[in-house]
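The values are calculated or read from the model by the stated rules, or taken from the named source; none is laboratory data. Predicted model, so just to flag it, every value in this text is computed and none were measured. Quick reminder, even Gly has a Cβ in these numbers, built from the backbone with ideal geometry, and neighbours come from all protein chains shown. Just the protein is used for accessible areas: all its heavy atoms, side chains included, with ligands, DNA and RNA removed. Shrake-Rupley method; radii C 1.70, N 1.55, O 1.52, S 1.80 Å.
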Amino acid sequence: MSEQGLSGMTVAAFESRMAAELARLIERYGGRPLVAPALRELPIQDNPAALRFGVRFVEEQIDVLILMTGVGATALFDILRARHPMSSIMVGAKHTALVARGPKPVAALKALGLTPTLTVPEPNTWVDVVSTLDEYRPVKGLRVAVQEYGISNPDLLDALRQRGAEVFPVPVYKWGLPEDTASLKQSLAEIIAGRVAVMVITNAAQIDQVTTLLEQEGTVPAFRAACRRMIVASIGPTASERLRHYDLPVDFEPSHGKMGVLVKELSHALPVLLNSKQPSN
């Protein structure tokens, strides 16, 4: 039986990989989805950082490898397997503490027959990564590689360096705007015009690319003003941190960083959230 917590409201989102699934979720809870992908994955061709990492990894010169995303972990090991025999990779893995930031990197490792040394608990922020390492052992003097995901995380890198680690960022891919931005521009125009009640952010990088497009169009102030009138929902702390970085509000965050939980709990919380947005007399 369908729930109707979103009661016909237009819900904007910028999901790419699971756009259809998110649209169905919004419809299930009574909303009108306005889903326009904001991200395009751009592989880093002839990746020198990953190739250098690969040599050090198989030669047992990496003490800790932090895997930030499942897709990124898979891509990184694909690069390794293109240059090194799997037997050498397995030897390198045995001599390296493998740190998985949540269940997706865990699954990527298991697909390769590897088990993470450490799994970072929810909500899987960079702070949780550092705390997990702190509990494991001091990183002073250790060689720590960080598989990056679309954008670099200077806070994480700085925290590791401040603890005395020798840090090697390993970018696997980066994010860009879609080749065709027409639907994204239309969605942003609808938001700025005040015709969208709710905006859902399911990936921190979405707001970077949205802001890039808004800056090109000269509409950042108008978008920021519109966000303060609508409900802005974030899938978790990492996305919320990015929204606040751009001085955008965060009105709702679910108990668990999953799209299904986000839309369900948002639909239930909406009456209170809408009331909190009403202008005071």
Global form of the range 166-235, assessed from the alpha-carbon gyration tensor, a/c cut-off 1.5: prolate
Where only C-alpha atoms are counted, convex hull volume of the range 6-72 per residue in Å³: 107 Å³
Kirkwood hydrodynamic radius (C-alpha pairs) into Stokes-Einstein, the range 79-167, 25 °C and 0.890 mPa s, D in µm²/s: 175 µm²/s
Helix-derived mean residue ellipticity, 222 nm - over the chain, DSSP H n ≥ 4, -39500 (n - 2.57), to 500: -15000 deg cm²/dmol
Solvent-accessible area, 1.4 Å probe, carbon plus sulfur percent, for the chain: 51 percent
Solvent-free Debye scattering, log10 I(q)/I(0), computed from the Cα coordinates of the range 1-40 at q = 0.15 Å⁻¹: -0.32
Stokes-Einstein diffusion coefficient of the range 159-281, Kirkwood radius over Cα pairs, 10 °C, 1.306 mPa s, in µm²/s: 99 µm²/s
Mean projected area (nm²) of the alpha-carbon convex hull when the chain is viewed from all directions: 16.4 nm²
With at most 16 other Cβ atoms within 10 Å, longest stretch of the chain clear of loop GluC sites (Glu not before Pro) (DSSP): 61-178
P(r), alpha carbons of the range 16-129 - 5 Å bins starting at zero, rounded %: 2, 11, 17, 18, 16, 13, 9, 6, 4, 3, 1, 0
Solvent-accessible area of residue 63 with every protein chain in place, 1.4 Å probe, in Å² to the nearest 10: 40 Å²
Nearest-0.05 FRET efficiency for residue 255 and residue 51, computed from C-beta distance (R0 35 Å): 0.30
Too-long pairs where the Cα-Cα distance tops 30 Å, listed order kept, from 94/258; 104/264; 174/277; 94/264; 185/277; 140/258: 94/258; 174/277; 94/264; 140/258
Tensor-based shape of the range 96-228 (alpha-carbon gyration tensor, a/c under 1.5 rounded, otherwise prolate or oblate): prolate
Once exposed loop trypsin sites (Lys or Arg not before Pro) are cut out (DSSP; at most 14 other Cβ, 10 Å), longest piece of the chain: 18-139
Shape of the range 127-197, Cα gyration tensor, a/c cut at 1.5: prolate
Extended-chain gain in nm, criterion 0.36 nm per residue less alpha-carbon gap, residue 134 and residue 42: 29.8 nm
For the range 1-71 versus the range 203-281, the gap between their alpha-carbon centres in whole angstrom: 17 Å
